[in-house]
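Peer 1: Okay, here's the structure, questions in a sec.
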Amino acid sequence: MTRHAFAALAVLLVTAMTSLAGATPAVAQQPAAEGVVRGRVTMASAGAALEGAAEVELIILEGSQATGSVKAPVTNGAYEARVPASATRTYVPRLNYQRVDYFGDPVRFTGAEREVARDFTVYATTDRADVLRLIQTIATVIGIDPEQGQIGILREDVVAVTGDRVYTGGASGITLRIPAPEGATEASEEDGRGTLANGVLTVTTPVRPGEASSIITSYLVKYDPAVDRYRLRVTV
């Protein structure tokens, strides 16, 4: 090896050793502390008891994006879930009992507290339509397009249930059948569900006991712009 080559190698070795000596060792990211979400599930319908297997699901939100969930079984009317107590996460408790969704207040571990209680009150279900009563119906025109000959209509049916059971519509799951306005080409529930067939919109939203519920539906209706007149008939 020539003197120049040896000198070059020595410089490389010194540079490498200097880089290693000055390197900051990687620090392993510490996992988030563990948080606990627990609670009880109580049946509020007289003469009914909790039936079948149930579980509480904690829906994980990172910002506004759902990224997963953690599930915990309900045993003897209680549940417990252990999750990372990350300050960047929000957990939304959800319980589906007899096809009805119940939601608890969102959970965030932003302080020193690491244990949070979220209880659920659930109801038995009924398919007896005579427990359902209509309080009022309001139809609102929300837009008119004379060039296309279209009208946008928003309808609100305020309904209530007599007794202490959730009306679910039975095996079909249909809780309301709403005659659509004449000329309706599109119709849906507020959350995008519902089926329009033969001029009738079928609604599958369960109606809970207690306070009155608002069932919001929307319609796109065709009319003849040459006539420039449309008669809206609201059928309940």
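The values are calculated or read from the model by the stated rules, or taken from the named source; none is laboratory data. Remember, it's a predicted structure, so these values are computed and weren't measured experimentally. Because the Cβ atoms are built from the backbone with ideal geometry, glycine has one as well, and the counts that use them run over all protein chains shown. These accessible areas exclude ligands, DNA and RNA; they are computed on the full protein's heavy atoms, side chains included. Shrake-Rupley method; radii C 1.70, N 1.55, O 1.52, S 1.80 Å.
Peer 1: Listed residues T2, T90; which is modelled with pLDDT under 95 and farther than 15 Å from D119 by Cβ? Give the derivation first.
Peer 2: Details: T90 fails: modelled with pLDDT under 95.
Answer to the check: T2.
Peer 1: State which residue pairs qualify: first residue farther than 20 Å from R82 by Cα and part of a loop (DSSP other than H, G, I, E, B) and inside the stretch 97-116, second residue open to solvent by 80 Å² or more (accessible area, probe 1.4 Å) and charged (D, E, K, R) in any location, beta carbons under 8 Å apart, and separation of 6 or more residues or different chains.
Peer 2: So the pair list comes out as Q98/E51.
Peer 1: Report whether or not E156 is under 25 Å from the mean Cα position of the chain (by Cα), in contact (Cβ under 8 Å) with a residue 24 or more places away in the chain and open to solvent by 60 Å² or more (accessible area, probe 1.4 Å). Write out each step before concluding.
Peer 2: On the way: under 25 Å from the mean Cα position of the chain (by Cα): yes; in contact (Cβ under 8 Å) with a residue 24 or more places away in the chain: yes; open to solvent by 60 Å² or more (accessible area, probe 1.4 Å): no.
The answer is no for E156.
Peer 1: If a residue has to be modelled with pLDDT of 95 or more, more than 29 Å from A46 (Cα to Cα) and exposed (fewer than 15 other Cβ atoms within 10 Å of the Cβ) to count, how many in the stretch 102-130 make the cut?
Peer 2: Count: 1.
Peer 1: Under 26 Å from Y97 (Cα atoms) and not in a loop (DSSP other than H, G, I, E, B), is that true of L134? Full working, then the answer.
Peer 2: Numbers: under 26 Å from Y97 (Cα atoms): yes; not in a loop (DSSP other than H, G, I, E, B): yes.
Against the criterion (under 26 Å from Y97 (Cα atoms) and not in a loop (DSSP other than H, G, I, E, B)), L134 qualifies.
Peer 1: Would you call E34 at pLDDT 95 or above and among the acidic types (D, E)? Spell out the reasoning first.
Peer 2: Details: at pLDDT 95 or above: no; among the acidic types (D, E): yes.
No, not satisfied.
Peer 1: Can I ask one more? Just the residues that are open to solvent by 70 Å² or more (accessible area, probe 1.4 Å), in contact with a Phe, Trp or Tyr (Cβ under 7 Å, 6 or more places away or on another chain) and at pLDDT below 95, please, taken from the stretch 38-78.
Peer 2: If the condition is that a residue be open to solvent by 70 Å² or more (accessible area, probe 1.4 Å), in contact with a Phe, Trp or Tyr (Cβ under 7 Å, 6 or more places away or on another chain) and at pLDDT below 95, then no residue fits.
Peer 1: Quick one: how many residues across the stretch 39-71 are assigned to a strand (DSSP E or B) and within 26 Å of G210 (Cβ to Cβ)? Before the answer, list the steps.
Peer 2: So in the stretch 39-71, the residues assigned to a strand (DSSP E or B) come out as 39-43, 55-62, 65-71.
Restricting the remaining residues to those that are within 26 Å of G210 (Cβ to Cβ) gives 39-43, 55-59.
The qualifying residues number 10.
Peer 1: Could you check, for the stretch 137-153, whether at least one of its residues is loosely packed, with under 12 Cβ neighbours inside 10 Å, under 16 Å from the mean Cα position of the chain (by Cα) and modelled with pLDDT of 95 or more?
Peer 2: Within the stretch 137-153 (the criterion being loosely packed, with under 12 Cβ neighbours inside 10 Å, under 16 Å from the mean Cα position of the chain (by Cα) and modelled with pLDDT of 95 or more), the answer is no, since none of the residues qualifies.
Peer 1: Does A81 qualify as being in contact with a Leu (Cβ under 7 Å, 6 or more places away or on another chain), surrounded by 15 or more Cβ atoms within 10 Å (Cβ to Cβ) and over 30 Å from I215 (Cβ atoms)? Walk me through it before giving the result.
Peer 2: Values: in contact with a Leu (Cβ under 7 Å, 6 or more places away or on another chain): yes; surrounded by 15 or more Cβ atoms within 10 Å (Cβ to Cβ): yes; over 30 Å from I215 (Cβ atoms): yes.
The answer is yes for A81.
Peer 1: Being within 24 Å of L176 (Cα to Cα), over 22 Å from the mean Cα position of the chain (by Cα), open to solvent by 80 Å² or more (accessible area, probe 1.4 Å) and of a type in the set (K, R) narrows it down to one of R133, R99, so name that one. Spell out the reasoning first.
Peer 2: Numbers: R99 fails: over 22 Å from the mean Cα position of the chain (by Cα).
Only one candidate qualifies: R133.
Peer 1: Could you run through the stretch 174-185 and say how many residues are exposed (fewer than 13 other Cβ atoms within 10 Å of the Cβ) and farther than 22 Å from R128 by Cβ? Can you show your working first?
Peer 2: Quick first cut of the stretch 174-185, residues exposed (fewer than 13 other Cβ atoms within 10 Å of the Cβ) only: 177, 185.
Those still in the list that are farther than 22 Å from R128 by Cβ too: 185.
Result for the stretch 174-185: 1.
Peer 1: Okay, next question. Is it fair to say T202 is in contact (Cβ under 8 Å) with a residue 40 or more places away in the chain and either closer than 29 Å to A124 by Cβ or of a type outside the set (A, V, I, L, M) (or both)? Steps first, answer last, please.
Peer 2: On the way: in contact (Cβ under 8 Å) with a residue 40 or more places away in the chain: no; either closer than 29 Å to A124 by Cβ or of a type outside the set (A, V, I, L, M) (or both): yes.
No.
Peer 1: Can you give me the number of residues within the stretch 211-226 that are at pLDDT 90 or above and open to solvent by 50 Å² or more (accessible area, probe 1.4 Å)?
Peer 2: Step one: filter the stretch 211-226 for residues at pLDDT 90 or above, giving 212-226.
If we keep only those that are open to solvent by 50 Å² or more (accessible area, probe 1.4 Å) as well, we get 212, 214, 222, 224-226.
Going through the stretch 211-226 one residue at a time, the tally reaches 6.
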